[in-house]
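Colleague: Can you keep this structure in mind? I'll have questions shortly.
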Amino acid sequence: MSLNTFGHLFRVTTWGESHGPALGATVDGCPPGVTVDAEMIQHWMDKRKPGQNKYTTQRREPDQVKILSGVFEGKTTGTPVQLMIENTDQRSKDYSDIMDKFRPGHADITYWQKYGIRDYRGGGRSSARETASRVAAGGLAREAIKMLAPEVEIKGYMTRMGAHEIDRANFDWDQIDQNPFWTPDVTAAATWADYLDGLRKSGSSVGAVIEVVAKGVPAGLGAPIYGKIDTDLAAAMMSINAVKGVEIGEGMSAAMLTGELNADEIFMGNDGKPSYSSNHAGGVLGGISTGQDLVVRFAVKPTSSILQTRKTITKSGSEAEIITKGRHDPCVGIRAVPVGEAMMACVILDHMLLHRGQVGENQGHIG
C-alpha cells in the first residue's frame, strides 16, 4: 500500500494498524531548533484518546506518545522525528465473526477488491485509530509554528450533530473545552447529550460537522493554481477517516449568494494593515492566505460499525447479515475535532516553510 505520506516540505508518513502492536508517524522536514518533548505532544493526544466519556468508544488506550528520534536535548535536530504510540487494549476476537463478511459503509470491500487481503481486526489502516498518528504529528507542527509565528492559534469545534445544529448567537469560545462535544454552544451540548445517549443505547450512530479556525495566519501562504493552501487544506481534511465533504469559508453556501454579498470588501485598518468587512472567502483568495482567519469545515459520516443488523455479502459472494460487535464511537465526529486541528497545523507549517523557501518575506507592501 503506497501513498501514506502527505505534505511538501513538512512531510508526515503514518504507519501501523488498529490492532497491531503500535502505530505512529515519521515526520521529515521539521525545522531544527524547535523546543519539543513528549509531554507537549501528549497534551494534544489526550484530546483525541478514546474512553474519556460515555459518548466515545470505550476502548481504553492511554495513547502515550514516544519520541524515538530527531530530538536531542529537548530540541529538534532537523532529522526525521519518529513518533510511536503503542496499542494496549486491542480485542481482536470482537471481529472474528466478520472476517469473511464486508461491513456496509466500511472500507472492507474496497480494500479486498484492491489488495486481495485485508486486516479485519478493526479495519487495519482504514480504522479511525490511524488518526492518533496525525494528532502526534500535528502536536509537533504546533510547536514549530509557535517558534515561527507565535500569534497563530488553531481551534476546532463541532457545529452540527445529525439534524441538530448550534445557534451561532450562543457562540462562546470558552465553552469549547468545557463539554464532551467540543462545541461552543452550551445549549446545543445539553441537547446533543440526550440525543446521542439514546442513539448509543439503541446501537446506532450519527454524523457531525466540524469547523476548524486558524487565527493569526500571515498573508501570503499558498500559491496560485496547483499550490493553493485551500487545496491542501481540503485534501488534508478529506483524507481523515469518515470525512465525506469539505468547505472553505462560505463553502457550498456561496452558491446562494450574489456577488456583492459574497465579495469581502477591503479597508485599511487602524494598524496599517488591510481589513475586511466579512470573511466569506474563509481567509483565502486565489489560493493565498489573506491574513484573515482560515476557516475550514468538514462533514463526518455516521460510524459504520453499529449494533444494528445489516445485509451484506461474504468474500464468496453469498448473501449474509452482519452486526458489528466491539467498542465503537456513536459519533466519530467528536474525536475528529483534534484530528482536524492537527491537519490544519500540518498544512499551515508546510506552507510557512514553502513560503519561506520561495519568497522569504512578502514582497508586496500596502500603505
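Colleague: Could you please state how large a percent of the accessible area of the chain is carbon and sulfur, counting protein chains only and using a 1.4 Å probe?
Modeller: 53
Colleague: Glu361: accessible area at probe 1.4 Å, nearest 10 Å²?
Modeller: Approximately 150 Å² of Glu361 is accessible to the 1.4 Å probe.
Colleague: Compute and list, largest first, the equivalent-ellipsoid semi-axes of the range 202-265 from the alpha carbon gyration tensor, each √(5λ) rounded to a whole angstrom.
Modeller: Values: eigenvalues 138, 66, 27 Å².
Working from the Cα gyration tensor, I get semi-axes of 26, 18, 12 Å.
Colleague: Past 25 Å, Cα to Cα: identify those pairs from Lys244/Lys273; Lys201/Lys311; Lys47/Lys114; Lys114/Lys301, in the order given.
Modeller: Working: Lys244/Lys273 37 Å; Lys201/Lys311 21 Å; Lys47/Lys114 34 Å; Lys114/Lys301 23 Å.
Lys244/Lys273; Lys47/Lys114, as the Cα separations exceed 25 Å there.
Colleague: So what is the relative contact order for the range 88-172, in percent, with contacts set as C-alpha pairs under 8 Å and at least six apart?
Modeller: Details: 29 pairs, mean separation 15.7, N = 85.
So the answer I get is 18 percent.
Colleague: Kindly report the accessible area of the chain per residue (heavy atoms of protein chains, probe 1.4 Å, no ligands, DNA or RNA), in Å². Present the calculation step by step, with values, prior to reporting the outcome.
Modeller: Values: 17250 Å² over 367 residues.
Accessible area per residue, the chain: 47 Å².
Colleague: Could you identify which residue out of Ala137, Ala190, Ala235 has the top mean-square fluctuation in a GNM of the chain using Cα springs shorter than 10 Å?
Modeller: Ala190
Colleague: Counting only C-alpha contacts under 8 Å and six or more residues apart, can you give the relative contact order of the chain as a whole percent? Show your work: numbers first, answer last.
Modeller: Values: 783 pairs, mean separation 79.7, N = 367.
Relative contact order, the chain: 22 percent.
The values are calculated or read from the model by the stated rules, or taken from the named source; none is laboratory data. Just so we're clear, the structure is a prediction, and the values are computed from it rather than from any experiment. The accessibility values were calculated without ligands, DNA or RNA, using every heavy atom of the protein model including side chains. Shrake-Rupley method; radii C 1.70, N 1.55, O 1.52, S 1.80 Å.
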